[in-house]
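So the structure is just underneath, and the comments pick up after that.
The values are calculated or read from the model by the stated rules, or taken from the named source; none is laboratory data. Please read these numbers as outputs of a predicted model, since none were measured by experiment. Virtual Cβ from ideal backbone geometry, glycine too; neighbours counted across all protein chains shown. The accessibility values were calculated without ligands, DNA or RNA, using every heavy atom of the protein model including side chains. Shrake-Rupley method; radii C 1.70, N 1.55, O 1.52, S 1.80 Å.
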Amino acid sequence: MAELTALESLIEMGFPRGRAEKALALTGNQGIEAAMDWLMEHEDDPDVDEPLATPLGHVLGREPTSPEQGTGSAAGEGKPILSEEERQEQTKRMLELVAQKQREREEREEREALERERQRRKQGQELSAARQRLQEDEMRRAAEERRREKAEELAARQRVREKIERDKAERAKKYGGSVGSRPSPPTEPGPVPSSPSQEPPTKREYDQCRIQVRLPDGTSLTQTFRAREQLAAVRLYVELHRGEEPGGGQDPVQLLSGFPRRAFSEADMERPLQELGLVPSAVLIVAKKCPS
């Protein structure tokens, strides 16, 4: 039995004939190992089974013979004969070589896959870090915006308080009223009618009105206002002088008349004291805040 050629050995190992011929031709017939390397690297190419455009010649697994060697071969100088065991041994070595090349390829692909996974994780970490930095910048900008709004709100409140204090000072200077935080009632008795039936029989015009406000804690505030001032001025005066309530929050003041009992609405806040029947004096009550 003649020795297997490189082409026959590749076909024996299971490679298609056309693919084996192409591998030997493109590797210059440098041996089975070079052809196998080419086959392993290009087995997934879409054109791996397309035939070559040029003739293959003697490169397909056989050594070319020179013109001088042509007659020598015919005279009896043949190639060594391989026994069946040697042929099987040669095929076994070729299969082991194929398996080795396959393992090397798998290891290379595994390393490449690990490298791609490492790059993917690295890019994911960089993306996560960039997203976190963006969120931190947004939170910082939001906090700065809240601080700015809070500062503007406090400044606006301060301007309102200063204006109220100036108005109170001017009113006290003009009418002689006190501007203390909790002025005590005047010592001079004034007409405090307990009911409409006790009003003087004859009406007279009053320019001022003395209002006593009873707070929920039992204390009272007394202040003199102009008869044509709105009831909102009384509420504002009470809110500024009633003191801080537990819990830090200050709810709007709800005013009630003593007798007859009446709860003043927001529309009443825009009406003059004279129109509401609180001139020349009246007693108002601050309603207690209902539990939530």
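Among the residues of the stretch 24-34, those that are modelled with pLDDT of 85 or more and hydrophobic (A, V, I, L, M, F, W, C) comprise Leu24, Ala25, Leu26, Ala34.
Pairs meeting the criteria (first residue in the stretch 143-155 and charged (D, E, K, R), second residue part of a helix (DSSP H, G or I) and surrounded by 10 or more Cβ atoms within 10 Å (Cβ to Cβ), beta carbons under 7 Å, at least 6 apart or on different chains) are lacking.
Scanning the stretch 212-230 for residues that are among the hydrophobic types (A, V, I, L, M, F, W, C) and closer than 14 Å to Arg271 by Cβ, which turns out nearest to the chain's Cα centre (by Cα)? Ranking the candidates gives Phe225 first.
Among the residues of the stretch 8-28, the ones that are among the acidic types (Asp, Glu) and either loosely packed, with under 15 Cβ neighbours inside 10 Å or in contact (Cβ under 8 Å) with a residue 60 or more places away in the chain (or both) come to 1 in all. Go through Ile285, Ile211 for me and flag whichever is open to solvent by less than 20 Å² (accessible area, probe 1.4 Å) and either at pLDDT 90 or above or in a strand (DSSP E or B) (or both). Testing whether each residue is open to solvent by less than 20 Å² (accessible area, probe 1.4 Å) and either at pLDDT 90 or above or in a strand (DSSP E or B) (or both) leaves just Ile211. Among the candidates Glu136, Glu115, Glu153, the residue that is closer than 30 Å to Ala233 by Cβ and either surrounded by 10 or more Cβ atoms within 10 Å (Cβ to Cβ) or of a type in the set (Asp, Glu) (or both) is uniquely Glu153.
For residues in the stretch 241-273 being open to solvent by 70 Å² or more (accessible area, probe 1.4 Å) and not in a loop (DSSP other than H, G, I, E, B), which is modelled with the lowest pLDDT? So the residue we want is Arg262. If we scan the stretch 159-167, do we find a residue that is in contact with a helix residue (DSSP H, G or I) (Cβ under 8 Å, 6 or more places away or on another chain) and at pLDDT 90 or above? Scanning the stretch 159-167 turns up at least one residue that is in contact with a helix residue (DSSP H, G or I) (Cβ under 8 Å, 6 or more places away or on another chain) and at pLDDT 90 or above.
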